[in-house]
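Take a look at the structure below.
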């Protein structure tokens, strides 16, 4: 396999330090062995791959799912647990200019539908996912200019999503227990909810096995070729021949599985720290008492929420390499940013810290569709850091495409993603990009 990060990013041990991993044990696992056949092979046992597999199986297909490690090991089991709006990094004006106003509005409907899909799936399967934050999410303005932008966009946001967003002044933030240093206001969006992402993804995995879907963890796909009407996937202990292929590996994709994917995805690191449980007195001292999902308006945003047991989860972007030294540095930096935003908690210790890979495309929009001219091969990826809802919904939609059914996605999401220029060096572009974003965020 060809991948653009250091090997440590893809090692099983990269999950070390993840709080979610302590809340829910791995499922029993059977690696692929010998030669097997299936109507559909799905690579990736996360939100997208498992949602696709469930739809395929319920439609009567024979499905096998392969994963590098265990189901839920990747981003699906180690993210912040925000089931919320998002999925594209391109803003609304960019979407309208490129694809037309009707497509921009279609994407806004897709964002909302994705949240509803996850909520319905949790209820349908009876999953216990520690669901919280029923009031939705809060975007905090890190500058006066950001707050003015929120004021200007409030009405459009409400119309786009069919909601009544609430503009929050600094006084409102303090009155509602949303006190974070330097925030100049905010916008409350009554959509979405928080959850334990590992409990959700492993709930999907259990449902998959109940549908007779073959789940094979610890079965990395080492090579792929299409021969005589079969997709041939080779793993360390076996070989899977499938008539149809769905790739749902997102930020953990290999550059040659299949070759079409090379240069079309830019994996980006996101890092998270979690505190010990905060006492009620500590929460009151900082005046952060809400369990709402929250994030700020920076380009290099911070995202954070109180967990059900009183721990605070806090995440950010910024690392470019994946070595022991770089991981220690980004987690230390994340802790420093946490203490700056919540100064009354400077004394609070951290119990967990970890990183994961999200995925971007060159045009900053998701992709769900056919992989070039490769027969009966589809992919779904690039949720731009918001994959709980969008990745789940698009898993079902890519399965519908693969079955020849109609789907419910904007047309632009199926446009073949362009390769990055100088694709072999694209990770290096993050250094100047992060520098420029940091300067802009301080402006």
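The values are calculated or read from the model by the stated rules, or taken from the named source; none is laboratory data. None of the values given here were measured: they were computed from a predicted structure. Ideal geometry is used to build each Cβ from the backbone, glycine not excepted, and the neighbour counts take in all protein chains shown.
Would you mind stating whether residue 8 is touching a residue at least 60 places away in the same chain (Cβ under 8 Å) and either surrounded by fewer than 22 Cβ atoms within 10 Å (Cβ to Cβ) or within 16 Å of residue 218 (Cα to Cα) (or both)?
On the way: touching a residue at least 60 places away in the same chain (Cβ under 8 Å): yes; either surrounded by fewer than 22 Cβ atoms within 10 Å (Cβ to Cβ) or within 16 Å of residue 218 (Cα to Cα) (or both): yes.
Yes: the conditions hold for residue 8.
Restricted to strands (runs of 3 or more DSSP E) entirely inside the stretch 259-370, those with at least 2 residues that are touching a strand residue (DSSP E or B) at 6+ places or on another chain (Cβ under 7 Å) and in the same structural domain as residue 188 (by the TED database) are 266-275, 293-296, 302-306, 312-317, 350-360.
Looking at the structure I just gave you, is residue 56 in the same structural domain as residue 400 (by the TED database), farther than 23 Å from residue 363 by Cβ, crowded, with 19+ Cβ neighbours inside 10 Å and in contact (Cβ under 8 Å) with a residue 24 or more places away in the chain? It is true that residue 56 is in the same structural domain as residue 400 (by the TED database), farther than 23 Å from residue 363 by Cβ, crowded, with 19+ Cβ neighbours inside 10 Å and in contact (Cβ under 8 Å) with a residue 24 or more places away in the chain.
Within the stretch 388-409, restricting attention to residues that are out of contact with any strand residue (DSSP E or B) (no Cβ under 7 Å at 6 or more places or on another chain) and within 30 Å of residue 303 (Cα to Cα), which residue is surrounded by the fewest Cβ atoms within 10 Å (Cβ to Cβ)? Among them, the one singled out is 408. Of all residues in the stretch 410-425 being modelled with pLDDT under 95 and assigned to a helix (DSSP H, G or I), which is surrounded by the fewest Cβ atoms within 10 Å (Cβ to Cβ)? Within the stretch 410-425, the match that is surrounded by the fewest Cβ atoms within 10 Å (Cβ to Cβ) is 425.
Of the helices (runs of 4 or more DSSP H) contained entirely in the stretch 113-227, those carrying at least 3 residues that are touching a residue at least 24 places away in the same chain (Cβ under 8 Å) fall at 144-161, 197-210.
Going through 131, 144, 109 one at a time, which residue ends up being closer than 25 Å to residue 441 by Cα and either surrounded by fewer than 21 Cβ atoms within 10 Å (Cβ to Cβ) or touching a helix residue (DSSP H, G or I) at 6+ places or on another chain (Cβ under 6 Å) (or both)? Exactly one residue qualifies, and that residue is 144. Checking each residue in the stretch 62-112 for being part of a helix (DSSP H, G or I) and within 26 Å of residue 275 (Cβ to Cβ) picks out 75, 76, 77.
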